[in-house]
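The values are calculated or read from the model by the stated rules, or taken from the named source; none is laboratory data. From a predicted model like this one, the values you see are computed outputs, not experimental measurements. Reconstructed Cβ throughout: ideal geometry from the backbone, glycine too, with neighbour counts over all protein chains shown.
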């Protein structure tokens with residue numbers, strides 16, 4: 001089908017023909033909205049463009065669940081050193097300079113991460129160095145969204161130049177069909193040095209005899225030059241290798257380095273550096289291969305990648321994609337992989353828009369963690385040495401946005417993909433052992449980036465353990481995390497990278513253990529009040545883990561430390577507040593200020609005590625007073641909702657410190673307000689289309705919030721398996737739990753008007769609590785909801801979560 005369409009395009013030889021081909025391919029692609037027979041294809045409900053505008057920082061390109069390769073456009077707004085988007089793609093920027101092989105979903109900083117080796121189909125003669133095209137005026141092309149199609153595992157794009165690309169992937173490899181206007185120059189540019197953050201070095205080799213292009217890029221510097229106070233943290237560097245083979249001979253070859261073009265050359269090297277603007281502009285290297293379009297304007301490419309070696313990239317391709325596989329073959333296999341992944345939650349009913357929002361959120365939630373190990377089990381460790389998987393480990397994963405993910409995405413991963421969760425836990429432990437015992441907060445590929453604050457690894461692995469994940473060395477990991485939380489290190493006193501990327505993973509731990517809070521003037525951290533709250537959550541999580549392991553003395557120590565949040569709650573103001581080493585409060589104080597906090601205000605962080613809501617309520621004057629204050633966090637003084645963000649005194653759905661707050665009403669004895677608030681956010685903050693996410697997806701965290709909330713359940717606190725109960729939006733949902741009893745959630749009345757709980761039965765027995773115990777949550781079973789259109793102010797108000 002495809003080749004017949006392309007032959008028609010060659011005869012027409014116009015941009016219109018390319019558009020027609022792209023449209024016809026979309027129709028012919030194996031992704032019908034509903035399969036002709038058999039079960040519904042859940043992948044057909046996903047829209048990868050959701051979150052590609054409004055700062056969601058998602059990417060639309062081809063990737064598989066937990067995949068290594070993520071093949072997606074790198075856009076340009078006229079500056080080759082900046083894409084204008086953290087992940088290389090912004091919906092409103094309709095010009096690209098290549099299709100890059102690696103991406104991270106929803107990273108918050110710009111530039112974010114990866115975007116390695118953009119490959120650009122170019123319809124013109126190569127007459128100057130593409131690196132010298134600093135404004136992307138020549139070696140880039142416009143496109144229209146009418147010529148773009150994104151589905152799970154496949155991405156198709158027609159360019160205004162007349163070229164088009166059709167991409168599909170396995171986990172570590174991909175195949176592509178490129179088409180060019182008949183009779184025009186046809187070239188593929190390999191911009192090996194042009195990663196989103198720049199590069200330390202890069203290299204390309206062109207083997208015309210074997211129709212092969214290979215190379216690598218040495219890159220990193222996650223979040224750009226912010227790393228370690230403006231210097232480049234070499235710990236974040238990684239080398240991506242690629243190997244591409246073609247079905248056609250090359251009609252031309254050439255390379256470039258900085259401003260020098262070398263037609264006919266087959267090898268080049270050189271990086272761009274990590275700056276932006278003039279310091280980086282015009283630098284870099286790459287190469288191109290050209291094709292004769294006189295009789296055939298269609299080019300097929302197979303490509304593998306590896307973080308270990310060129311041989312690893314070629315083995316990954318050989319093992320994952322059959323030699324004669326077409327793009328359609330790979331896309332069909334990718335769709336099946338996503339169907340299996342998405343079928344971990346099977347919903348019934350709901351509007352088309354609701355189902356698209358839900359399954360796209362699930363799609364984004366399960367993109368990560370990401371493979372970094374090759375098919376032979378080798379991977380590059382945090383010590384830059386090559387390692388093999390630990391005994392019993394199936395894969396080495398990375399891309400851990402800890403400060404974000406530990407609040408929702410980690411819990412969803414443990415619930416739906418416990419084996420992946422266990423391998424991920426083992427991966428993080430492997431990294432820590434390769435990094436002198438340090439568990440980094442934000443791990444990218446094999447690098448420690450130090451991004452954000454707190455000790456999210458402790459909360460993450462404790463949560464995995466609490467939710468029943470056991471396929472990792474949980475005793476060794478526990479001991480290592482306890483050591484990090486109890487034994488000071490020299491890095492704890494470093495200010496390198498502060499505020500956003502402080503080196504110390506438990507900053508000024510020695511002082512913290514004396515003061516019982518992180519002093520603002522001596523914390524060596526992003527903000528003393530935030531650090532105290534984060535560490536209190538981490539210590540609570542370690543206490544729960546210790547109790548599960550029978551370490552009662554540890555449990556007592558960490559339970560006491562979990563209460564240190566009280567030392568930054570100022571009774572005089574009623575807010576969490578930064579405090580100095582001498583015990584005085586930092587003044588002047590304004591609850592709308594972020595002084596002492598990380599990416600949030602005191603008004604938001606004051607609610608960040610999910611492990612001790614009753615204690616927080618007591619500090620605020622009791623549950624009734626706390627609930628009244630919480631009302632004001634979600635509403636304007638006139639009573640209207642304020643849940644979209646933008647007001648520093650109120651709820652911000654775009655960042656993590658407060659995303660649990662709508663669920664706090666359950667512990668305050670007013671669960672109907674949780675139901676109303678969550679439904680308001682689901683209906684007005686999230687949605688479909690490019691602006692369908694409230695902000696950075698943060699490696700699936702905001703999407704995981706939506707998945708849980710739509711199901712009517714939510715994790716109460718890190719370190720625990722307790723689930724809070726809300727009102728489901730689907731009449732039925734079945735959560736597939738491998739090796740365990742499924743969780744079946746029914747709510748026959750579920751629709752846009754039935755937002756409140758009237759009753760709940762678990763396995764036929766009435767549930768009068770607004771929460772499930774850890775044992776109940778782990779057991780699965782059946783939850784049957786009766787929903788109403790008006791609040792039931794009696795249900796769930798007796799036995800409250802802590």
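Some values worked out for this structure:
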{"read-out": "Inter-residue pairs, beta-carbon under 9 Å, first in contact (Cβ under 8 Å) with a residue 60 or more places away in the chain and in the range 567-587, second in a strand (DSSP E or B), 6+ apart", "value": "579/570; 579/585; 586/579"}
{"read-out": "Options 625, 661: the member that is over 18 Å from residue 676 (Cβ atoms) and either surrounded by 15 or more Cβ atoms within 10 Å (Cβ to Cβ) or out of contact with any helix residue (DSSP H, G or I) (no Cβ under 6 Å at 6 or more places or on another chain) (or both)", "value": "625"}
{"read-out": "Criterion: buried (at least 24 other Cβ atoms within 10 Å of the Cβ) and either without any contact (Cβ under 8 Å) to a residue 24 or more places away in the chain or more than 19 Å from residue 259 (Cβ to Cβ) (or both) - qualifying residue of 173, 182", "value": "173"}
{"read-out": "Test: residue in the range 559-566 that is surrounded by fewer than 19 Cβ atoms within 10 Å (Cβ to Cβ) and without any contact (Cβ under 8 Å) to a residue 12 or more places away in the chain", "value": "yes"}
{"read-out": "Odd one out for residue 271, checked against (1) under 25 Å from residue 196 (Cα atoms); (2) in a helix (DSSP H, G or I)", "value": "(2)"}
{"read-out": "Any hit, the range 294-303, residues being farther than 21 Å from residue 203 by Cβ, in a loop (DSSP other than H, G, I, E, B), at pLDDT below 95 and within 32 Å of the chain's Cα centre (by Cα)", "value": "no"}
{"read-out": "Residue among 420, 386 that alone is closer than 30 Å to residue 654 by Cβ and either assigned by TED's automatic domain parsing to the domain that holds residue 48 or in contact with a strand residue (DSSP E or B) (Cβ under 8 Å, 6 or more places away or on another chain) (or both)", "value": "420"}
{"read-out": "Residue list for the range 498-518, filter: in contact with a helix residue (DSSP H, G or I) (Cβ under 8 Å, 6 or more places away or on another chain), within 27 Å of residue 223 (Cα to Cα) and in a loop (DSSP other than H, G, I, E, B)", "value": "498, 500, 501, 503, 504, 505, 506, 507, 508, 518"}
{"read-out": "Complete set of residues in the range 715-738 that are over 20 Å from residue 458 (Cα atoms), in contact with a helix residue (DSSP H, G or I) (Cβ under 8 Å, 6 or more places away or on another chain) and either at pLDDT below 95 or part of a strand (DSSP E or B) (or both)", "value": "724, 725, 733, 735, 737, 738"}
{"read-out": "Members of the range 389-398 that are in contact with a strand residue (DSSP E or B) (Cβ under 6 Å, 6 or more places away or on another chain) and either surrounded by fewer than 24 Cβ atoms within 10 Å (Cβ to Cβ) or farther than 27 Å from residue 539 by Cβ (or both)", "value": "395, 396"}
{"read-out": "Qualifying residues in the range 593-615 (those that are touching a helix residue (DSSP H, G or I) at 6+ places or on another chain (Cβ under 6 Å) and free of Cβ contacts under 8 Å to residues at least 60 places away in the same chain) - the one nearest to residue 566 (Cα to Cα)", "value": "607"}
{"read-out": "Selected residue (only one of 363, 307 is touching a strand residue (DSSP E or B) at 6+ places or on another chain (Cβ under 9 Å), surrounded by 21 or more Cβ atoms within 10 Å (Cβ to Cβ) and not assigned by TED's automatic domain parsing to the domain that holds residue 447)", "value": "307"}
{"read-out": "Residue in the range 144-157 that is assigned to a loop (DSSP other than H, G, I, E, B), touching a strand residue (DSSP E or B) at 6+ places or on another chain (Cβ under 7 Å), under 23 Å from residue 104 (Cβ atoms) and at pLDDT 95 or above present", "value": "yes"}
{"read-out": "Among (1) over 30 Å from residue 442 (Cα atoms); (2) in contact (Cβ under 8 Å) with a residue 12 or more places away in the chain; (3) assigned to a loop (DSSP other than H, G, I, E, B), the one test that residue 751 misses", "value": "(2)"}
{"read-out": "Close pairs (7 angstrom Cβ cut-off, 6 or more residues apart or separate chains): in contact (Cβ under 8 Å) with a residue 24 or more places away in the chain in the range 315-329, in a helix (DSSP H, G or I) and crowded, with 16+ Cβ neighbours inside 10 Å anywhere", "value": "321/330; 328/2"}
{"read-out": "Matching residues in the range 630-643 - criterion: being buried (at least 18 other Cβ atoms within 10 Å of the Cβ) and assigned to a helix (DSSP H, G or I)", "value": "630, 633, 634"}
{"read-out": "Residue 653 being under 18 Å from residue 632 (Cβ atoms), surrounded by fewer than 24 Cβ atoms within 10 Å (Cβ to Cβ) and under 19 Å from the mean Cα position of the chain (by Cα)", "value": "yes"}
{"read-out": "Test: residue in the range 449-462 that is touching a helix residue (DSSP H, G or I) at 6+ places or on another chain (Cβ under 7 Å), surrounded by 24 or more Cβ atoms within 10 Å (Cβ to Cβ) and over 29 Å from residue 723 (Cα atoms)", "value": "yes"}
{"read-out": "Residue satisfying condition, being under 23 Å from residue 286 (Cα atoms) and more than 24 Å from the chain's Cα centre (by Cα), within set 100, 75, 128", "value": "128"}
{"read-out": "Residue in the range 676-697 that is under 24 Å from residue 415 (Cα atoms), touching a strand residue (DSSP E or B) at 6+ places or on another chain (Cβ under 7 Å) and crowded, with 24+ Cβ neighbours inside 10 Å present", "value": "no"}
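So that you can scan it fast, the table gives a plain yes or no per residue for (1) more than 27 Å from residue 331 (Cβ to Cβ); (2) modelled with pLDDT of 95 or more; (3) not assigned by TED's automatic domain parsing to the domain that holds residue 242:
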| position | (1), (2), (3) |
| --- | --- |
| 176 | no, yes, no |
| 188 | no, yes, no |
| 192 | no, yes, no |
| 198 | yes, no, no |
| 204 | yes, yes, no |
| 208 | yes, yes, no |
| 213 | no, yes, no |
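Every residue, every condition in (1) modelled with pLDDT of 95 or more; (2) surrounded by fewer than 19 Cβ atoms within 10 Å (Cβ to Cβ), yes or no:
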{"position": "164", "(1), (2)": "yes, no"}
{"position": "169", "(1), (2)": "yes, no"}
{"position": "223", "(1), (2)": "no, no"}
{"position": "230", "(1), (2)": "no, yes"}
{"position": "240", "(1), (2)": "yes, no"}
{"position": "243", "(1), (2)": "yes, no"}
